[in-house]
Amino acid sequence: MKTYNYLYHYGHVDSIINFALFQDEPNVLVQVFCGQEGEVFASVIEAILERLPQAVCLGTTTDGEICEEHVSTFQTSISISVFKHTTLKTCYLQEEDAFENGRALASRLITPTTKLLIVFSDGTSTNAEDLLSGIASFDASVPICGGMAGDNGRFKQTFIASQGTILDKGVVGVSLNSEILHVVRDYKFDWKAIGVEHTIEEVEGNRIYKIDGITPVKFYEKYLGNHVSQTEFPLIVKRNGIKIARAVVAKHEDGSLSCGGNLIKGEKVRIGFGDAKALLRNPVQAMKKLRNFQAETFYLYSCMARRRYMPDLIRLEVEPFAKLAPTAGFFTYAEFFHKKGHNKLLNQTLTVVALSECEHSDASGCPKTLHKKENEEEASYAKTIASLTNLIQQSTRDYDIQSKKLEEQMHYSENLLASHKQFLRYTVHEMNTPLSIIMTSIELHEMQFSKSVYLENIEVAAKSIFSLYDDLSYLVKKDQVVYMKRRINLAQYLQSRVDFFEQVASKARSQFHVDMPEEPLMVFFNETKLQRIVDNNLTNAIKYTFENQAIFVRAGEAEGRAYFSITSHSRKIENPEKVFEEYYREEEVQDGFGLGLNLVRKICREEGVEITLHSDEKATTFCYSFTRDMP
């Protein structure tokens, strides 16, 4: 086979192509890679087919063109391959279902001697991953190559062509059928993942709606700013141990983004960046499959991100191939590849197809050594990019090490916290029995030997411990127990708790003054939670009330709600907004952890209880208002 490549800009194609070379050839493949307007694309194809009606012509618009050692934009690369022992078949499909398009394309093109499928799809509407799955559903053994059409980064309108038919949606393809043709394929990735993992939360096929709770557009703005193209910084996901990039190919008004391939809800992704050192490495040497293959033609289908990431150095990826054999191709919105019986949709890659009809094309012996000619400016730029890449990679490694250490520390802390919780549960459980024995023994002793000052002190202390025990028991069990509600007479319940703490108040040289309604004051509430509210307020009032001052406990109804209030003569609360916070205490000299009122506030928020606090130099009043709603 022989391949002839031409770079077209304007004028008649006759001025650059000698069509007489091909007019008598029966097996001619023409590939048109157009970075110009759709009218130019159509006119070039029409002119070629008018002069070579027997040729099979496949075309696509681009994000850059490859013609021998040249990389261009807004021009047209024309590649004409003449085969001696290979026949060609072409067709196109433009149905809405990408999977069915792929299946139908394969059924029309694949023959028992098919060695390669070259496939181009539009770059903005087709789900190329579904397309490739459709091809594989018919025959998963035939190698494919090609990619998604481009439109110079506008992501608005791309075109593909089969013969004289121009499509803005769908797929076109050609099969190379031969007993002689040798085909070798390989690809080069060169993109690395950086930063923390992020979760795909809402996605439909290749369109992402939410990443980490925000739209993909906001996600990229957060990490890259407003003026960076997302295409050069794809999302990288690991599947079956293989890192796959998903580049952005379309931006939507609702903040969602479409990628060059599908993602799955729940997948973990990281932002990718180009590894300059790997990008600058000679691709022929990097692609092991090509080293011992003496190609007659190279077709290159490379991601647009590679050209845009290092526009001044991208030709270094093309030149090594052009020095070995005629080379043509284009920069795509996604690349098609086949590996081990699977069709893969790739992003950020350079995919290469090497062809030969020679019988000994796979003869041993590596290609001649290639030396890149770089001027000092290019070398300096490359070193700067390589240094920046190394900085990012090393920072990422350092971050990963720190993250692992932090994860180990968090695991240790979680285990320690779990042990503390288990110890607290055990302690609370074991406290109940001795406390109950103490209280029962006091009552029995008083019944037999009457009261004594010492026993009264023990009883007061035991009741204080009981109140603390009840708080701890509630905190330990609150996430494991469902606290059922029932009808409770709020006034009667308050009186019972006042009676329980009356002896404690007396020992603190205080006394309760109670004002309760004669009629039942019913609320629908859980008794355990109500006890935490009442007991914490009563014990606080006892603790902070001045000696020989009364504590007023009132209950009633106002505006359709039941309420109770506790008023004490104590120091003014200087920071009312902080008094319900954990570990806060107005008076440091008083014992306690400052947890009681924080627990009260949590219960009140859960149950819709309104809290009112008023404090001045004369008195402090806590008031709690309950809804009267009952089932």
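The values are calculated or read from the model by the stated rules, or taken from the named source; none is laboratory data. What you see is a predicted model, and the numbers here were worked out from it, not measured in a lab. Reconstructed Cβ throughout: ideal geometry from the backbone, glycine too, with neighbour counts over all protein chains shown. Ligands, DNA and RNA are stripped out before the accessible areas are found, and what is left, the full protein with its side chains, is counted by its heavy atoms. Shrake-Rupley method; radii C 1.70, N 1.55, O 1.52, S 1.80 Å.
Quick one: which of Lys268/Lys340; Lys265/Lys339; Lys265/Lys340; Lys2/Lys188; Lys2/Lys323 span more than 20 angstrom between C-alpha atoms?
The pairs that break the limit, which is 20 Å between Cα atoms, are Lys268/Lys340; Lys265/Lys339; Lys265/Lys340; Lys2/Lys188.
When the helix-only estimate is applied to the chain (DSSP H runs of n ≥ 4, each -39,500 (n - 2.57), divided by the residue count), what is the mean residue ellipticity at 222 nm, nearest 500 deg cm²/dmol?
My calculation for the chain gives -11500 deg cm²/dmol from helical runs alone.
Compute the FRET efficiency between Arg51 and Glu96 as 1/(1 + (r/R0)^6), taking r as their Cβ-Cβ distance and R0 = 35 Å, and round to the nearest 0.05. Provide the component values of the computation, followed by the final result.
On the way: r = 35 Å, r/R0 = 1.01.
Rounded to the nearest 0.05, the efficiency is 0.50.
Describe numerically, in nm with one decimal, the distance between label points set 7 Å from Cα along Cα→Cβ at Ser125 and at Asn292.
4.8
Any idea what angle helix 128-138 forms with the longest principal axis of the chain, computed on alpha-carbon atoms, 0 to 90 degrees, nearest 10?
70
Dipole magnitude of the chain about its Cα centre, charges +1 at Lys/Arg Cβ and -1 at Asp/Glu Cβ only, in debye to the nearest 20?
1440
Using 10 Å bins from zero, what percent of all Cα-Cα pairs in the stretch 1-77 falls into each bin?
Percent of pairs per bin, in order: 19, 56, 24, 1.
Below 8 Å, C-alpha to C-alpha, sequence gap of six or more: please give me the relative contact order for the stretch 201-256 in percent.
Computed value for the stretch 201-256: 32 percent relative contact order.
Within straight cross-link reach of Lys602, meaning Cα distance under 18 Å, which lysines are found once same-chain residues fewer than 8 apart are removed?
Lys477, Lys478, Lys485, Lys529, Lys578
Would you kindly state how much longer the chain becomes between Arg154 and Asp312 on full extension, computed as 0.36 nm times their sequence separation minus their alpha carbon distance, in nm to one decimal?
Values: separation 158, 0.36 × 158 = 56.88 nm, distance 2.07 nm.
Result: 54.8 nm gained on full extension.
Which value, in Å³ per residue, describes the convex hull spanned by the Cα atoms of the stretch 94-183?
Value for the stretch 94-183: 97 Å³ per residue.
For the stretch 228-349, what is the accessible area per residue in Å² when the probe is 1.4 Å?
Result: 35 Å² of accessible area for each residue.
Measuring with a 1.4 Å probe in the full set of protein chains, what accessible area per residue, in whole Å², belongs to the stretch 1-102?
44
Once R0 is set to 30 Å, what does the formula 1/(1 + (r/R0)^6) return for the Cβ-Cβ distance between Met447 and Phe546, expressed as a FRET efficiency to the nearest 0.05?
0.30
Leaving out same-chain residues fewer than 8 places away, which aspartates and glutamates sit with a Cα under 12 Å from that of Lys169?
Glu95, Glu96, Asp97, Asp122
Of Leu300, Ile603, Val534, which is farthest along the charge dipole of the chain in the positive direction, counting Lys and Arg as +1 and Asp and Glu as -1 at C-beta?
Ranked along the dipole, the leading option is Leu300.
Measure nothing but the geometry: give the 0 to 90° angle between the long axis through the Cα atoms of 490-507 and the longest principal axis through the Cα atoms of the chain, rounded to 10°.
That helix lies at roughly 70 degrees to the long axis.
Report the FRET efficiency, 1/(1 + (r/R0)^6), for Lys84 and Ile264, where r is their Cβ-Cβ distance and R0 is 51 Å, rounded to 0.05.
Calculated value: 0.65.
Magnitude of the Cβ-charge dipole of the stretch 252-351, K/R +1 and D/E -1, about the Cα centre, nearest 20 debye?
Roughly 520 debye for the stretch 252-351.
Where a Cα-Cα gap under 25 Å defines reach, which lysines qualify for Lys451, not counting those fewer than 8 residues away within the same chain?
Hits, sequence-local ones excluded: Lys463, Lys507, Lys543.
Give the span of the chain's Cα atoms along each principal axis, as three whole-Å numbers ordered largest to smallest.
Answer, in whole Å and largest first: 127, 49, 45 Å.
Which one, His9, Leu109, Ser121, projects farthest toward the positive side of the charge dipole computed for the stretch 1-155 from Cβ point charges (K/R +1, D/E -1)?
Going by the charge dipole, the pick is Leu109.
Pop a pseudo-label 7 angstrom from the Cα along the beta-carbon direction at both Ser107 and Met484 and give the gap in nm to one decimal.
A separation of 6.4 nm, rounded to one decimal place.
What is the stretch 226-330's relative contact order, in percent, from Cα pairs under 8 angstrom and six or more apart in sequence?
Values: 117 pairs, mean separation 24.9, N = 105.
Relative contact order of the stretch 226-330: 24 percent.
Take every Cα pair under 8 Å in the chain that's 6+ residues apart, average their separations, divide by the length, and report that relative contact order as a whole percent.
Worked out over the chain, it gives 11 percent.
According to the Cα gyration tensor, what semi-axes, each the square root of 5 times an eigenvalue, does the equivalent ellipsoid of the stretch 511-587 have, listed from largest to smallest in whole Å?
For the stretch 511-587, the semi-axes come out at 24, 17, 12 Å.
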